[in-house]
Amino acid sequence: MSNMENSFDDISCLSPQNLGSSSPSKKQSKENTITINCVTFPHPDTMPEQQLLKPTEWSYCDYFWADKKDPQGNGTVAGFELLLQKQLKGKQMQKEMSEFIRERIKIEEDYAKNLAKLSQNSLASQEEGSLGEAWAQVKKSLADEAEVHLKFSAKLHSEVEKPLMNFRENFKKDMKKCDHHIADLRKQLASRYASVEKARKALTERQRDLEMKTQQLEIKLSNKTEEDIKKARRKSTQAGDDLMRCVDLYNQAQSKWFEEMVTTTLELERLEVERVEMIRQHLCQYTQLRHETDMFNQSTVEPVDQLLRKVDPAKDRELWVREHKTGSIRPVDMEI
């Protein structure tokens with residue numbers, strides 16, 4: 001187990017023995033195991049101590065071996081199915097985030113359009129002097145700000161929305177293949193288990209038959225010869241061999257399912273980490289674009305601030321008077 005704690009590069013080192021289940025190389029008595037939905041686990045009363053495959057990591061490969069009661073019905077849901085549902089839900093959340101960003105883009109585009117339209121408004125266009133220049137710059141800043149928001153919306157589309165939407169386009173199809181693969185292994189395991197039970201039942205019948213014939217011979221209730229007893233014994237031995245063969249085939253199927261479960265759940269775990277990291281990176285890109293937009297918006301009002309600091313009511317009055325004066329000679333009293 002120490003190798004498993006340190007490395008999963010070689011999946012061949014993993015086997016159901018690590019879960020306490022039986023295998024062709026190490027058989028356990030029926031009293032030491034319990035089979036639930038065709039999967040064999042250590043019996044709760046005699047459960048050996050088990051080491052997690054990836055201690056302290058809360059890894060998928062350690063916590064989804066059993067089936068879970070289906071809250072929507074009377075059946076059960078395989079642990080692997082829960083992991084697939086998690087993956088598909090993650091894909092749906094990613095799609096909804098992309099749709100959310102698209103709505104954000106639409107708001108930006110509408111805002112930019114309204115800003116550009118407002119910048120062309122003629123209200124107060126007859127203001128004069130330094131205040132008139134500042135007012136004209138206010139209107140121009142709206143057009144500049146509109147351009148900033150258009151660029152922001154374009155970058156949101158190319159650098160956030162589109163990557164979120166297109167990430168793993170064939171993901172559902174890939175998950176379906178994965179689901180079928182594990183489901184087929186589970187069906188094979190169920191088939192092998194049915195064969196074991198059938199062989200176990202056959203052995204019980206052969207043993208009962210042998211015992212009955214032996215007792216009849218001993219108490220002289222039957223004319224069965226010793227040859228009949230030998231024949232019954234051979235059939236009983238054959239039934240025992242058949243049971244052992246079926247158990248070996250079952251354990252081989254369970255070992256294969258176990259190995260594929262470990263490999264696949266670790267891959268699902270890697271995919272989930274990758275998905276979360278991808279979304280985090282693109283949301284960080286969103287916040288970076290927002291910071292840049294705020295910076296550019298600030299730059300559009302800086303010229304306005306500069307002109308507002310230069311507004312001089314006295315100078316404006318002088319310029320206006322020079323242009324519109326009607327005369328500087330003041331009236332005097334009338335003389336008689």
**OP:** Can you check what the net charge comes to around Glu292, using other residues whose Cβ is under 14 Å from the Cβ of Glu292 (Lys, Arg +1; Asp, Glu -1)?
**Re:** -2
Original post:
What whole-number value in Å² describes the accessible area per residue of segment 82-309 for a 1.4 Å probe?
Top reply: 62 Å²
Original post:
Expressed as a whole number of Å, what is the distance separating the alpha-carbon centroids of segment 37-77 and segment 295-328?
Top reply: 78 Å
Original post:
Picking from Asn166, Thr263, Val196, whose Cα lies most toward the positive end of the charge dipole for the chain (charges on Cβ: Lys, Arg +1; Asp, Glu -1)?
Top reply: Val196
Original post:
Relative to the longest principal axis of the chain, what angle (0 to 90°, nearest 10) does the C-alpha long axis of helix 313-324 take?
Top reply: 50 degrees
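Which is the longest part of the chain that has none of the GluC sites (Glu not before Pro) sitting in a DSSP loop with at most 11 other Cβ atoms within 10 Å?
On the way: sites that count: Glu49, Glu57, Glu169, Glu335.
Answer from the scan: 170-334.
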Original post:
Using modelled amide H (1.01 Å from N, peptide plane; none on Pro or chain starts), what sits under 5 Å from the amide H of Val77, excluding residues fewer than 5 places away?
Top reply: Lys68, Lys69, Asp70
Original post:
Considering amide H positions built from the backbone, and no H for Pro or chain starts, which residues 5 or more places from Ile34, or on another chain, come under 5 Å of its amide H?
Top reply: Phe41, His43
Original post:
Given that compact globular proteins tend to follow 2.2 N^0.38 Å, what is the ratio of the alpha-carbon Rg of segment 167-274 to that value?
Top reply: 1.81
Original post:
In nm, to one decimal, how far is the modelled label at Ala154 from the one at Phe100, with both set 7 Å along Cα→Cβ?
Top reply: 2.7 nm
Subject >> Folded to 0 to 90 degrees: helix 79-119 orientation relative to the chain principal axis, Cα >> reply: 10 degrees
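For n ≥ 4 DSSP H runs only, could you compute -39500 (n - 2.57) per run for the chain, divide by its residues and tell me the 222 nm figure to the nearest 500? Could the numbers behind the result be given before it?
Working: 8 runs with 227 residues, N = 336.
-24500 deg cm²/dmol, from helical runs alone.
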Subject >> Per-pair calculated FRET efficiency, R0 = 51 Å: Gln216 and Thr263 via Cβ, rounded to 0.05 >> reply: 0.40
**OP:** Treating the Cα atoms of segment 185-336 as identical point scatterers in vacuum, please give the log10 of the normalised Debye intensity I(q)/I(0) at q = 0.10, 0.14, 0.17 Å⁻¹, two decimals.
**Re:** -0.76, -0.94, -1.06
**OP:** Mind giving me the nanometre distance, one decimal, between the label points for Asn114 and Ile229, set 7 Å out from Cα along Cα→Cβ?
**Re:** 10.2 nm
Original post:
What is the extension gain from Gln306 to Gln126, computed as 0.36 nm multiplied by their sequence separation minus the C-alpha to C-alpha distance, in nm to one decimal?
Top reply: 62.7 nm
**OP:** Whenever you get a sec, line up His43, His181 from highest to lowest accessible area (probe 1.4 Å, protein heavy atoms).
**Re:** His181, His43
Original post:
With every protein chain left in place, what is the accessible area of Arg234 in Å² (1.4 Å probe, nearest 10)?
Top reply: 130 Å²
Subject >> Long-range HN-HN contacts of Asp312 with modeled amide H, under 5 Å >> reply: Ser130, Leu131
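Can you send over the carbon and sulfur percentage of the accessible area for segment 82-309, probe radius 1.4 Å, protein chains only?
So the carbon and sulfur contribution to the accessible surface is 53 percent.
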Original post:
Does anyone have the angle between helix 171-218 and the longest principal axis of the chain? Alpha-carbon axes, 0 to 90°, nearest 10?
Top reply: 20 degrees
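Expressed in nm², what is the orientationally averaged projection area of the convex hull enclosing the Cα positions of the chain?
Working: hull surface 130.2 nm².
For the chain, the mean projected area of the Cα convex hull comes to 32.6 nm².
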Original post:
Taking R0 as 30 Å, what's the FRET efficiency between Gln85 and Gln51 from their Cβ-Cβ distance, rounded to 0.05?
Top reply: 0.60
**OP:** Please report Rg over Rh for segment 98-243, where both radii come from the alpha carbon positions and Rh follows the Kirkwood definition.
**Re:** 1.82
**OP:** Go ahead and run the numbers for FRET between Arg330 and Asp294, Cβ-Cβ distance against an R0 of 56 Å, rounding to 0.05.
**Re:** 0.50
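The values are calculated or read from the model by the stated rules, or taken from the named source; none is laboratory data. Remember, it's a predicted structure, so these values are computed and weren't measured experimentally. All Cβ positions, even for glycine, are placed from backbone atoms using ideal geometry, and neighbour counts span all protein chains on display. Please note that ligands, DNA and RNA were not included when accessible areas were found on the heavy atoms of the full protein model with its side chains. Shrake-Rupley method; radii C 1.70, N 1.55, O 1.52, S 1.80 Å.
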